[in-house]
Amino acid sequence: MPDRVRLAVIGVGHLGRHHARIASTLEGAELVAVVDTNGERAQTASAATGAPALADYRDVIDKVDAVCVAVPTEQHRDVALPFLERGIAVLVEKPMARSLDEARELVSAARASGTTLAVGHTERYNPAVAAVLPMVTSPRFIEVHRLGAFPDRSLDIDVVFDLMIHDLDIILALVGTGVESIEAVGVPVLTPRFDIANARLRFAGGCIANVTASRISKERVRKIRFFQPDAYVSIDYAEQEVEGYRLLRRDGERPQIQGGKLPVTREEPLKRELADFVRAVRDQRRPLVNGDDGLRALSLAQAIADRMETV
């Protein structure tokens, strides 16, 4: 692998344009093309990054070492699969596919060709999450609120796959045990799909997670809180802020609560994600969030959707 990974971004809409922006200045990467069937979007991204604009992703197959796939979810499998089959590394946005069968197909193709498959669960790269990982050792209760304004994108999928799946990935990474039971409720408000949803998850180890996601809120909230014996930790994803408290017990003395805000070095999570992907491709190592992780998060999201009741 050369020192600079030749990279193309396929799909430069709402999120893909940020992939292109970062990739054009990323150390260790060379952005060789931006691809979009919408010519105006492709030209805009080209003007911003200096990379050639193309309309057909198949035109870059022989020109790249890796691609970022940021097309609509329903196209993830069809776009990503030809690259994986040729041994070209792929970072595919979340959810990694529109069905579990298509996700498994991507994982199998990456495994068969021995190439890198990463999935864009960007919150795993949030510096606030990285700061908390060593502190959350035995969570017993997890509370999540992810609320956003009504979007002009991703309306082809439920809010579970659009927003909640970010937190499902984080929870699965931290709890580390299987889900024993799921209760879920959702409401279609502005679309035929669920625009607000709540899921209560019980894990094999006894941990319970209460997860709420909405794309019809006036205020934007992205917070997760962890409760475990003698400790409490909270993350504000958007502000990249962490608070942690613990109960100190000393013989013969009253217990004391210590803690407060913890230091976090702010950085754009997507930049950290792309840098990790490029290093994984160059060094031929596992990315932080690989295909198996993406499949696991999608599987839990699908299980929640399957159990969803309406009110």
ask   = In the set ARG140, ARG98, ARG86, ARG111, which member is under 20 Å from the mean Cα position of the chain (by Cα) and surrounded by fewer than 24 Cβ atoms within 10 Å (Cβ to Cβ)?
value = ARG98
query = So ASN126 fits all but one of (1) closer than 21 Å to LEU300 by Cα; (2) of a type outside the set (Lys, Arg); (3) buried (at least 24 other Cβ atoms within 10 Å of the Cβ); what number is the exception?
reply = (1)
Residue count, segment 76-100 (criterion: part of a helix (DSSP H, G or I) and within 15 Å of LEU295 (Cβ to Cβ)) = 6
ask   = Would it be correct to say that LYS63 is among the basic types (Lys, Arg) and under 20 Å from ARG17 (Cβ atoms)?
value = no
Residues located in segment 205-240, provided they are among the charged types (D, E, K, R), closer than 21 Å to ALA149 by Cβ and in a strand (DSSP E or B) = ARG222, LYS223, ASP236
key: segment 272-294: number of residues that are out of contact with any Leu (no Cβ under 7 Å at 6 or more places or on another chain), in a helix (DSSP H, G or I) and buried (at least 18 other Cβ atoms within 10 Å of the Cβ)   = 7
key: Condition broken by ARG266, with the remaining ones in (1) touching a residue at least 40 places away in the same chain (Cβ under 8 Å); (2) touching a Phe, Trp or Tyr at 6+ places or on another chain (Cβ under 9 Å) satisfied   = (2)
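Could you please find all residues in segment 1-27 being over 21 Å from PRO72 (Cβ atoms) and touching a residue at least 60 places away in the same chain (Cβ under 8 Å)?
Result: MET1, PRO2, ASP3, VAL5, ARG6, LEU26, GLU27.
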inquiry  = Given the options ALA204, ALA199, name the one that is loosely packed, with under 15 Cβ neighbours inside 10 Å, among the hydrophobic types (A, V, I, L, M, F, W, C) and under 21 Å from SER299 (Cβ atoms).
reply    = ALA204
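Residue by residue, here is whether (1) at pLDDT 90 or above; (2) hydrophobic (A, V, I, L, M, F, W, C); (3) out of contact with any helix residue (DSSP H, G or I) (no Cβ under 7 Å at 6 or more places or on another chain) holds:
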position	(1), (2), (3)
LEU172	yes, yes, no
GLY186	yes, no, yes
ILE196	yes, yes, no
ARG200	yes, no, yes
ALA204	yes, yes, yes
VAL221	yes, yes, yes
PHE226	yes, yes, yes
VAL242	yes, yes, no
request  = Filter segment 228-239 for residues that are among the charged types (D, E, K, R) and at pLDDT 90 or above and give the result.
outcome  = ASP236, GLU239
request  = Return the only residue of ALA45, ALA131, ALA51, ALA103 being closer than 23 Å to ARG4 by Cβ and either in contact with a Phe, Trp or Tyr (Cβ under 8 Å, 6 or more places away or on another chain) or assigned to a helix (DSSP H, G or I) (or both).
outcome  = ALA45
inquiry  = Kindly evaluate VAL92 against the criterion of being crowded, with 24+ Cβ neighbours inside 10 Å, outside the structural domain of LYS223 (by TED's automatic domain parsing) and touching a His at 6+ places or on another chain (Cβ under 8 Å).
reply    = yes
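The values are calculated or read from the model by the stated rules, or taken from the named source; none is laboratory data. This one's a predicted model, so the numbers in the text were calculated from it and none came from an experiment. Cβ: placed from backbone, ideal geometry, glycine included. Neighbour counts: every protein chain shown.
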